[in-house]
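The values are calculated or read from the model by the stated rules, or taken from the named source; none is laboratory data. As the structure is a prediction and not an experimental result, all values here were calculated from the model. Here the Cβ positions follow ideal geometry from the backbone for every residue, glycine too, while neighbour counts run over all protein chains shown. Areas reflect the complete protein model, heavy atoms only, side chains present, ligands, DNA and RNA absent. Shrake-Rupley method; radii C 1.70, N 1.55, O 1.52, S 1.80 Å.
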Amino acid sequence: MADARPSWSRSPLVPLAALWGTLWTLVAIIESAYTIHDPAIPRWQPLTLILSVTVTIAVWLTFELRSARYLRFPLEPPRAWFLHHLRWLPIVAGGYVVIIFGARHAVFAMAGGNYRHLPWAALVPFELVKAAIFYCLWLGLVFGTLSMLKTREQGATLALVQKALVEAQLAQLQAQLRPHFLFNTLNTVSSLMQVDVARADRVLTRLGDLLRASLGAGSTMTVPLEQELNLLRLYAEIMQERFSGRVQVDWQIADGASGIPVPAMILQPILENAFRYGIEQTTGVESIRVAATVGRGQRMVSTVLTVHIYNSGSTLRDGWRDGIGLTNCRGRLRALYGDAAGLDLSNYPEGGVIASISLPVHGAVA
Amino acid sequence: MIRAIVVDDEEPARGKLIRWLGSETDIAVAGEYADGLSALQAIGRDSPDVVFLDVQMPGLSGLQVAAQLEVATSPLLVFVTAYDAHALAAFDLGAVDYLLKPYDEERFRRALDRVRERLAAPEHRRSAVLAARRHIGVSERLLVPAGDGLRMIDSAQIHCLEADDNYVHVHTADHSYLLRRTLRDLLQQLGDQRFVRIHKSAAVNIAEIDGLTPLFKGDYELRLRSGRVLRLSRRFTSELFSRTGG
């Protein structure tokens, strides 16, 4: 059974609650310690005083853990968190006094004893203040514990994201600078420079830019879409020189899309696939289209950037599987955006393959 | 005059070879092609002396083109490749030479010198075709001329092969193709898993054999599932029986 909400017994606050219950019990023991050795007072009397506190606190803590309200309310900003939970202070403190003293009076009455304590006018304010102070301390400890856990968790997520990025860079280097690409491009330069020095120079410069971009991309996790598109343009221009006349590349970038941050080098492997299957393995004139749009997400609540990379000339076969490049893209999207981002490949109705990558405009989870 | 053709799917790569070949007085460029299939057709049609063959191409790769050629009549092959570590082994076995992209003019001229050497001494030809066949394994597919183009057929579809002078008739269920090859070479390409010789000038697909009827002097009449009847020569009976477990 997969339950989205963790069972209360697995709450990270369980150890803290156990500690807190023990502390209250100790306080109750100390409070009634002077009566334990008094021969005039029967043993059940101090025992009732102590147990009334222990049982009440234990029941209260159980409800606290079951409600999971601490886990649900965001820790940031701390002020809001404390104010939110302090709303319960009057109920907690008042409830504590009523239940403890109600229980004690009831037990004493049933056992035929006489429960003597300070006059109500002095006792109630004293007990209320005590309960309030202890509740505030409890909140402080809960906040501290949760903050610590969250920091640790974020560290783990960050490490995961960084690991995915490093892997992507490696795969990127291996893939983009696939020896075939590099050597064929160099051969293109070698050929062009005999007939058109300016064109040869342009290809060589593009290759240099591409190399630099892929070597330097390690320092950032996300880049503006425009920067990623520039990388794609460099790659596309080189491929157009190599396969001169065999490929037409179109760009349709929506206004306002350019500045949206995207994971560095997330689109490159997809464009590369488009060339590899659509152009390099066909003999006709084919086309590639790169389009970026900004729109509402499926649930109409968030803004989503969608980039389509279409290529003619190839078809996804039944049972096709992701290669290294696509596996990596998916891994990085999941690490950065959870379920909010997606990557789909499908056969286009009029022929060709379209890859669509969509991600939320407002920020990654990590 | 040495007749050369250039095969590469990238135009600048072809351009470079054609320019350098064009500056040689004893070489004529007979054509340039951008994919393996049209190269194969051109080789069959024009019988060039040497082919500069790119390895990575759409459709048929350079090695697949080589594997479909006939050993005895194959032109000299110079493979041109960007990077193909495992294919290099094959080149060493049989190609005249190979050029690694990018290459300079000096390296190109060295390759040309080797081409001239081999053309002058044909008896020293080692076959790149055999090496390519070994490299890509037994060919399950056969390219046959059909109309103006070539058609790829699965070797399992072939019922039998009949030699006729320098040609081989390739019979399938509904077609018969004429290939300018020797039977020996074709059987070598298709491998001996599926086909067995039944006399000097015929071979059949073992899976297509329907029955045998003894004739005189140890010969047999061999009937295929398709109804075609062929003669099984005495000389080849033992091989057939051992292969069919009979």
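Below, the figures for the structure above:
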{"item": "Segment B:2-136, dipole about Cα centre (Lys/Arg Cβ +1, Asp/Glu Cβ -1), debye to the nearest 20", "result": "320"}
{"item": "Hz values of 3J(HN,Hα) by residue in segment A:87-103 - Karplus curve (6.51, -1.76, 1.60), Gly and Pro given as x", "result": "4, 7, 3, x, 5, 4, 5, x, x, 4, 4, 4, 5, 4, 6, x, 5"}
{"item": "With DNA, RNA and ligands ignored, accessible area of A:Lys130 (1.4 Å probe; Å², nearest 10)", "result": "30"}
{"item": "Relative contact order %, chain A, counting alpha carbon pairs below 8 Å whose residues are six or more apart", "result": "12"}
{"item": "B:Arg243 paired with B:Arg141, simple spin-label distance in nm, labels 7 Å along Cα-to-beta-carbon", "result": "2.4"}
{"item": "Among A:Leu234, A:Val262, A:Val223 the positive-end extreme of the charge dipole of segment A:217-276 (Cβ point charges)", "result": "A:Leu234"}
{"item": "Accessible area (Å², per residue) of the protein assembly as shown, counting only protein heavy atoms and a probe of 1.4 Å", "result": "51"}
{"item": "Sum of -39500 (n - 2.57) over DSSP H runs of 4+, divided by residues of chain A (222 nm, nearest 500)", "result": "-20500 deg cm²/dmol"}
{"item": "Set of aspartates and glutamates with alpha-carbon distance to A:Lys163 below 18 Å, sequence-local pairs under 8 removed", "result": "A:Glu153"}
{"item": "Accessible surface of B:Val51 - all protein chains present, 1.4 Å probe, nearest 10 Å²", "result": "0"}
{"item": "Protein accessible area in segment B:145-244, 1.4 Å probe - carbon and sulfur %", "result": "45"}
{"item": "Sparse-neighbourhood loop sites, trypsin sites (Lys or Arg not before Pro) in segment A:230-307 - DSSP loop, at most 12 other Cβ within 10 angstrom", "result": "A:Arg299"}
{"item": "Sites matching trypsin sites (Lys or Arg not before Pro) across segment A:26-117 that sit in DSSP coil, with at most 10 neighbouring C-beta atoms within 10 Å", "result": "A:Arg43, A:Arg87, A:Arg116"}
{"item": "Phi to ³J(HN,Hα) by Karplus 6.51 cos²θ - 1.76 cosθ + 1.60 over segment B:37-52, Hz, x for Gly, Pro", "result": "5, 5, 5, 4, 4, 5, 5, x, 7, 9, 6, x, 7, 9, 10, 8"}
{"item": "Rg/Rh ratio calculated on Cα atoms of segment B:145-244 (Kirkwood radius)", "result": "0.96"}
{"item": "Euclidean distance of C-alpha centroids, segment B:151-191 and segment B:13-49, integer Å", "result": "28"}
{"item": "Sequence-distant residues sharing a close amide H with A:Val249 (under 5 Å, placed H)", "result": "A:Ile288"}
{"item": "Equivalent-ellipsoid semi-axes of the protein assembly as shown, from the Cα gyration tensor, Å, largest first", "result": "82, 34, 19"}
{"item": "Loop-located chymotrypsin sites (Phe, Trp or Tyr not before Pro) in segment A:236-331, at most 14 other Cβ atoms within 10 Å (DSSP)", "result": "A:Trp320"}
{"item": "For segment A:308-365 and segment A:89-155, distance of Cα centres in Å", "result": "56"}
{"item": "Portion, in percent, of the accessible area of segment B:2-136 that falls on carbon or sulfur, probe 1.4 Å", "result": "51"}
{"item": "Shielding by partners, peptide B:52-60 (average Cβ within 10 angstrom, other chains)", "result": "2"}
{"item": "For chain B, calculated [θ]222 nm from helices alone, where every DSSP H run of n ≥ 4 adds -39500 (n - 2.57)", "result": "-10000 deg cm²/dmol"}
{"item": "Added length on full extension, which subtracts the Cα-Cα distance from 0.36 nm per residue, A:Thr205 to A:Leu149", "result": "15.2 nm"}
{"item": "Note, ³J(HN,Hα) from phi for segment A:280-295, Karplus 6.51, -1.76, 1.60, rounded to Hz, x at Gly and Pro", "result": "5, 10, 10, 10, x, 8, 10, 10, 10, 10, 10, 10, 10, 10, 10, x"}
{"item": "Dipole magnitude (debye, nearest 20) for segment B:145-244, charges at Cβ of Lys, Arg, Asp, Glu", "result": "340"}
{"item": "Of B:Val129, B:Tyr98, B:Leu17, farthest towards positive along the dipole that unit charges on Lys, Arg, Asp, Glu beta carbons give segment B:2-136", "result": "B:Val129"}
{"item": "Proximal aspartates and glutamates to A:Lys150, defined as alpha-carbon separation beneath 19 angstrom and excluding residues fewer than eight positions away on the same chain", "result": "A:Glu76"}
{"item": "Set of lysines near B:Lys16 by C-alpha distance (under 24 Å), chain-local residues within fewer than 8 positions excluded", "result": "B:Lys101"}
{"item": "Fraction in percent of alpha-carbon pairs per bin - 10 Å, chain A", "result": "4, 18, 20, 14, 10, 9, 9, 7, 5, 2, 1, 0"}
{"item": "B versus A: buried accessible surface, summed, Å² (probe 1.4 Å, to nearest 100)", "result": "1700"}
{"item": "Rounded to the nearest 20 debye, dipole of the protein assembly as shown from Cβ charges on Lys, Arg, Asp, Glu", "result": "2000"}
{"item": "Solvent-accessible area of A:Met148 with every protein chain in place, 1.4 Å probe, in Å² to the nearest 10", "result": "100"}
